[in-house]
1. Relative contact order of the range 2-94, please, whole-number percent, based on alpha carbon pairs below 8 angstrom and at least 6 residues apart.
2. Within the range 51-70, list the residues whose amide N lies under 16 Å from a label point set 7 Å along Cα→Cβ of residue 35.
3. For residue 70, what is the net charge nearby, where nearby means another residue's Cβ is under 13 Å from its Cβ and Lys, Arg count +1, Asp, Glu -1?
4. Whose amide H sits under 5 Å from the amide H of residue 7, counting only residues 5 or more places off or on another chain, with H placed in the peptide plane?
5. Using θ = phi - 60° and the Karplus curve 6.51 cos²θ - 1.76 cosθ + 1.60, what whole-Hz ³J(HN,Hα) does each residue of the range 69-76 get, with Gly and Pro shown as x?
6. Compute the distance in nm between two label points, each set 7 Å from the Cα along the Cα-to-Cβ direction, one at residue 64 and one at residue 1.
7. Round to a whole angstrom and tell me the spacing of the C-alpha centers of the range 2-17 and the range 39-95.
8. Within a 10 angstrom radius of the beta carbon, how do 7, 57 rank from fewest other beta carbons to most?
Amino acid sequence: MSTKVEIYDQTYHVAGDLDPTYVEELAQHVDATMRDIARATGTVDTVKVAVLAALAIADELHAEREGSLEQTSKQLRERAKRCLKLVERALQQTV
């Protein structure tokens, strides 16, 4: 299956098993990021804009992963505290 998308005024045919709507959303995100960077930097070199966009998107992904890991660690700490309290209560009741 192939999905036709446009990124930064270039047409691409993306082959794969991904949902075409999802591929279009990804392409729109890449296109918007590239256009934002081109406006912000005044860069007209498409390759430079693409590399800067890739860095910006990688930064978004990294920040999301870090936030997710921190959230997971926080949740695990909270669960451990609750479990410890339950164990302490159970031990106090048996004494």
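Only the coordinates and a few stated rules stand behind these numbers; no lab work does. All values reported here derive from a predicted model rather than from experimental measurement. Heads up, the Cβs are rebuilt from the backbone with ideal geometry, glycines too, and the neighbour counts pull from every protein chain shown.
1. Details: 50 pairs, mean separation 15.7, N = 93.
Contact order relative to length: 17 percent.
2. So the set is 53.
3. 0
4. Result for residue 7 returns 12.
5. Listing the rounded values in order: 5, 4, 5, 5, 4, 4, 4, 5 Hz.
6. Result for the modelled spin labels: 2.0 nm.
7. 31
8. Values: 7 20, 57 15.
Fewest-to-most ranking of 7, 57: 57, 7.
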